[in-house]
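Asks: This structure is in structure tokens; I'll ask about it shortly.
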Amino acid sequence: MVKNIGKLLKEAHKIQEEISRIQEELSKREVEATAGGGMVQVVVNGNQEIVSLKIEKEVVNPDDIEMLESLIIAAVNEAVRRSREMLTEELAKITGGLPIPGMF
């Protein structure tokens, strides 16, 4: 039984190392999302950090700030969703699709 626990701990450590490697790799990968027909563009990395935000001049209207805010929110949320999806797909390769508590 102790032998099995040791083996289990060794496997858990191996999986943790693989997760760390994947997280490091994903921090260098980026996903992009747009809103308003491309008027707002957001790029997010695998750590769900915004890397860049571009807004076309045509969508900036001082009389309608709410529309611009909505477009930014929509683009950011979609980019973060895609980033999480990318992370989930990579982690599924080593966990067999089992969810890892605390990852999201």
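Asks: With the chain as the region, which strands (runs of 3 or more DSSP E) entirely inside it contain at least 2 residues that are exposed (fewer than 15 other Cβ atoms within 10 Å of the Cβ)? Steps first, please.
Replies: Working: elements: 30-35, 40-45, 50-55.
Counting at least 2 such residues, we get 50-55.
Asks: If we keep just the residues of the range 1-41 that are among the hydrophobic types (A, V, I, L, M, F, W, C) and closer than 20 Å to Ala79 by Cβ, which is farthest from the chain's Cα centre (by Cα)? Give the derivation first.
Replies: Pass one, the range 1-41, residues among the hydrophobic types (A, V, I, L, M, F, W, C): 1-2, 5, 8-9, 12, 15, 19, 22, 26, 31, 33, 35, 39-40.
After this cut, where a residue has to be closer than 20 Å to Ala79 by Cβ as well, the list is 22, 26, 31, 33, 35, 39-40.
On the way: Ile22: 12, Leu26: 8, Val31: 8, Ala33: 12, Ala35: 18, Met39: 22, Val40: 19 Å.
So the residue we want is Met39.
Asks: Oh, and also: Might you check whether a residue that is modelled with pLDDT of 95 or more, hydroxyl-bearing (Ser, Thr, Tyr) and touching a strand residue (DSSP E or B) at 6+ places or on another chain (Cβ under 7 Å) occurs anywhere in the range 28-35?
Replies: Yes, the range 28-35 contains at least one residue that is modelled with pLDDT of 95 or more, hydroxyl-bearing (Ser, Thr, Tyr) and touching a strand residue (DSSP E or B) at 6+ places or on another chain (Cβ under 7 Å).
Asks: OK, next. Restricting to the range 42-83, and then to whatever is among the acidic types (Asp, Glu) and within 24 Å of Ser27 (Cβ to Cβ), can you tell me which residue is modelled with the highest pLDDT?
Replies: Start the filter on the range 42-83 by keeping residues that are among the acidic types (Asp, Glu), which leaves 49, 56, 58, 63-64, 66, 69, 78.
The next check asks that each one be within 24 Å of Ser27 (Cβ to Cβ); those that pass are 49, 78.
On the way: Glu49: 93, Glu78: 97.
Within the range 42-83, the match that is modelled with the highest pLDDT is Glu78.
The values are calculated or read from the model by the stated rules, or taken from the named source; none is laboratory data. Note that the structure is a prediction, hence the values are computed from the model and not measured. Note: ideal-geometry Cβ built from the backbone for every residue, glycine included; neighbour counts use all protein chains shown.
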